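S.K.: Sharing a structure, written as structure tokens. Questions coming.
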């Protein structure tokens with residue numbers, strides 16, 4: 001009985017590992033666009049947190065301090081969107097089990 005139970009646990013762990021790997025691949029394909037200033041600044045990033053596009057309204061080009069603040073806000077917004085989507089995908093992949101970062105299954 002113990003061997004059957006252990007084999008079942010190992011099979012579930014292997015399936016979870018496959019799910020996590022699939023989720024990680026999907027996360028890399030994500031894109032998010034952070035906005036600031038009501039759309040004056042838009043920054044898109046991918047699932048690897050690399051900026052892929054920046055759009056800046058000419059209306060803020062003359063105010064360096066405001067532009068810097070808007071850029072930071074848009075970057076942080078996009079990063080938060082990616083983090084939230086990543087967390088949701090990993091939660092689905094692990095069935096809600098929290099794994100330490102970089103954990104490889106099955107142990």
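The numbers here are math on the coordinates, done by the rules we state, and not lab data. From a predicted model like this one, the values you see are computed outputs, not experimental measurements. Here the Cβ is made from the backbone with ideal geometry for all residues, glycine too, and neighbour counts use every protein chain on show.
S.K.: If I fit a long axis through the Cα atoms of helix 64-94 and take the longest principal axis of the Cα atoms of the chain, what angle between them do I get, 0 to 90°, rounded to 10?
M.R.: It works out to around 20 degrees.
S.K.: Taking the square root of 5 times each eigenvalue of the Cα gyration tensor, what semi-axes in Å does the equivalent ellipsoid of segment 31-95 have, largest first?
M.R.: Working from the Cα gyration tensor, I get semi-axes of 28, 9, 8 Å.
S.K.: Sticking with this structure for a sec: Please build a GNM for the chain, connecting alpha carbons under 10 Å apart, and tell me which residue among 34, 96, 47 fluctuates the most.
M.R.: 96
S.K.: Between residue 44 and residue 9, what is 0.36 nm times their sequence separation minus the Cα-Cα distance? Round to one decimal in nm.
M.R.: Numbers: separation 35, 0.36 × 35 = 12.60 nm, distance 4.06 nm.
Separation in residues times 0.36 nm, less the Cα-Cα distance, equals 8.5 nm.
S.K.: Continuing with the same structure: Using a 7 Å offset from the Cα along the Cα-to-Cβ direction at both residue 65 and residue 31, what is the distance between the two label points in nm, to one decimal?
M.R.: Output for this residue pair reads 3.5 nm.
S.K.: Now a separate question. With axes computed from alpha carbons, what is the tilt in degrees of helix 2-28 against the longest principal axis of the chain, rounded to the nearest 10 within 0 to 90?
M.R.: Value to nearest ten degrees: 20.
S.K.: Jot down the per residue volume, in cubic angstrom and as a whole number, of the convex hull over the alpha-carbon atoms of segment 1-52. Before the final figure, lay out the partial values.
M.R.: On the way: hull volume 3.9 nm³, N = 52.
Per-residue hull volume (Cα only) is 75 Å³.
S.K.: Next up: To the nearest 500 deg cm²/dmol, what mean residue ellipticity at 222 nm is calculated for the chain from DSSP H runs of n ≥ 4 alone, each contributing -39,500 (n - 2.57), summed and divided by the residues?
M.R.: Details: 2 runs with 58 residues, N = 107.
Estimated from H runs of four or more residues: -19500 deg cm²/dmol.
S.K.: Also: If I take every Cα pair under 8 Å that is 6 or more residues apart in segment 33-79, average their sequence separation and divide by the length, what percent do I get for the relative contact order? Provide the component values of the computation, followed by the final result.
M.R.: On the way: 74 pairs, mean separation 22.5, N = 47.
Once normalised by length, the contact order is 48 percent.
S.K.: Next question. Evaluate the relative contact order of segment 10-62 (contact order divided by residue number), counting alpha-carbon pairs under 8 angstrom at least 6 apart; express in whole percent. Intermediate values should be presented prior to the final figure.
M.R.: Numbers: 53 pairs, mean separation 12.5, N = 53.
Relative contact order comes out at 24 percent.
S.K.: Just grab the label-to-label distance for residue 88 and residue 18, each label 7 Å out from Cα along the Cβ direction, in nm (one decimal).
M.R.: Each label point is offset 7 Å from its Cα along the Cβ direction, giving 2.5 nm.
S.K.: Additional query: Can you give the relative contact order of the chain as a percent, counting alpha carbon pairs under 8 Å and 6+ residues apart? Mind dumping the intermediate values first?
M.R.: Values: 126 pairs, mean separation 33.2, N = 107.
Once divided by the residue count of the chain, the mean separation gives 31 percent.
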